[in-house]
Amino acid sequence: MRTKYIFILILFFVGSISSLAQNVTFEAKVSKQKLGISERLRVDFAMNQDGDNFSPPDFNGFLVVGGPNQSISNSYYGGKRSYSKTYSYFLSPQKIGKLTIGTGTILINGQTYASEPVVVEVTKQSTAPQDGSNPDYVANAAVHLVAEVSDSNPYLNEAITVVYKLYVSKDVSITSAWQEVSSPKYEDFWSQNIDARGNYTIYNGKYKGEDYRYVILRSTVLYPQKIGELDIEPLTLNVPIDVPTRRRDFFNRPIPSRVNKTISAGKRTIQVRPLPLENRPDDFTDAVGNFSLYMDTNKKQLNANESLELDVKITGNGNLKLMGLPKVTLPGSLEVYEPERTNSIQVKTNGMQGTISEKYTVVPQFKGQYPIRPITFSYFDPTTETYKTLASKEIIIDVPEGPINRELEPVSEEAIVATNNQFKNSKLTSVFEPMEKEHFFKSTLFWSLIGGPFLLIPLFILVGRARDNRRADVDGTRIRNANKLARKYLGEAKKNLKNKEAFYESMERALHNYLKAKLDIETTEMSKERIAQLLKERNVSEVTVIAFNSLLKSCEFARYTPSTAVTIKEDYNKAVGIISNIDKEIH
């Protein structure tokens, strides 16, 4: 009898466990099956028993803007226990169409359970009802992100400004910080952001004729480096919006409803005009803006072997960081050292402003007067749409004291013809005294002079062979010349290793100047695709081409991102290696 009861109890417990296992549920639920591209989707992964090691899906096609949030409900009603555990995510769709939320997994009582995939449809327009009391509808109509472009049809290398404004209706409020979902991309532009992050000023303005408040999130200065149609990818934000409702708290204050929205400024297209070919000066070097030219010395008179400083400056508003200074030609009797480059440039909402300058150290070698010829500088003024040429004044350097340059001194006939009285002051008689007798033959000096040349013959042979081997080493010669060329172009960048911004500006300019010299191209042709095409046509390997373009892109972004001294040194060494490789491979 006892055995019978034990058997019944075992059957009862087995049935109970089986019943519990069969009643376990784990499923994915979505807040809506259809939504607009700017709306939010809530996904709940719910289970009726406690589980561990929850693994969510990848959420392909969505951006996770909130979660996971965990909630547990445990209650008893009518003697029955009700349990629920939920993991919640808030998602922002990134594309239009039918998107699938994949399978999530959970471990319950040692067994793994998987949720069924859920398909939702994302449309271009919001599916929120056109109801003024609906928080989603109110939020959609109350917050807007706008990208204002100062000029959508600029000239090549002419500054334009993109201002990003966030308009907020007075019916809602934004009390939490927004998040940047995607940043604008400025392909084929030189760009610099002027952020107002953390220091926003609220303005009153109009949006589509209605009163709004707005803040300026960011201003970006752009200089187009390529002609034709260029796209600016949009800025996209995730914005939490508090929408008033009819609900009231204990103190009769309205309780807002929090709505998270993804808003985009939209893609903008810029049509870049080429600079006119008509009346273009021969010395034009892609300078666009409004400038003035200055050239002067700190001394006009000095003695030979003393030094003076010659300053050449360009001041104004334009693409200062992207252009070069005119070169100075000096007389051969003046020793000139490599100029020291200095940039004092600010980037404001209307573009670059400031001064670029080069300071030459000049040392006269001989007595005389030396003219420093005027230099010219040409630029394109987009305001008047004309080319303008500036010229400096001639400078005369006076060297009153010093040796005479015999190569330049004229010889008169009088200096050649001797007169009868030419030697009248010379003593023509001599008194000779005997010298001590010295035996030179077989002396130490005698044998040194005889045997010395024979001892030097092996040394001359070794030096000659080394010279011949060096000349025969074609590859080695190419490598040495290439390394020398790379360091020549990157000399200015090396001087600025301790100044991040100046270093990357110098390196970018060096890379562009190198391409101009090697490929005989202008700045207007310097798109990454064009560079790659020209290098490949000159038999440069694809690995080197990719490395060069990658280094150019690195220079563009490195000015606005933190960099250590180690990173800057590595970038310099990388640039030397890449230029050296191109010079070895190019044909």
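The values are calculated or read from the model by the stated rules, or taken from the named source; none is laboratory data. Keep in mind it's a predicted model, so treat the numbers as computed, not measured. Every residue, glycine among them, receives a Cβ derived from its backbone with ideal geometry; neighbour counts consider all protein chains shown.
Here's the yes/no breakdown for (1) in a loop (DSSP other than H, G, I, E, B); (2) over 30 Å from Val168 (Cβ atoms):
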residue: Lys261; (1), (2): no, no
residue: Gly266; (1), (2): yes, no
residue: Asp282; (1), (2): yes, yes
residue: Asn290; (1), (2): no, yes
residue: Arg341; (1), (2): no, yes
residue: Val347; (1), (2): no, no
residue: Thr355; (1), (2): no, yes
residue: Glu358; (1), (2): no, yes
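Applying the condition of being at pLDDT 90 or above and in contact with a Ser or Thr (Cβ under 6 Å, 6 or more places away or on another chain) to the stretch 255-282 and asking which residue is surrounded by the most Cβ atoms within 10 Å (Cβ to Cβ) yields Ile270.
Only one of Ala46, Ala28, Ala21 is of a type outside the set (Lys, Arg), at pLDDT below 85 and within 23 Å of Tyr113 (Cβ to Cβ). Can you tell me which? Result of the check over Ala46, Ala28, Ala21: Ala21.
Residues being over 30 Å from Asn290 (Cβ atoms), in contact with a His (Cβ under 8 Å, 6 or more places away or on another chain) and either surrounded by 12 or more Cβ atoms within 10 Å (Cβ to Cβ) or at pLDDT 85 or above (or both) are represented in the stretch 194-208 by at least one member.
Could you check, for the stretch 52-67, whether at least one of its residues is touching a Pro at 6+ places or on another chain (Cβ under 6 Å) and not in a strand (DSSP E or B)? Looking for residues that are touching a Pro at 6+ places or on another chain (Cβ under 6 Å) and not in a strand (DSSP E or B), one finds none in the stretch 52-67, hence no.
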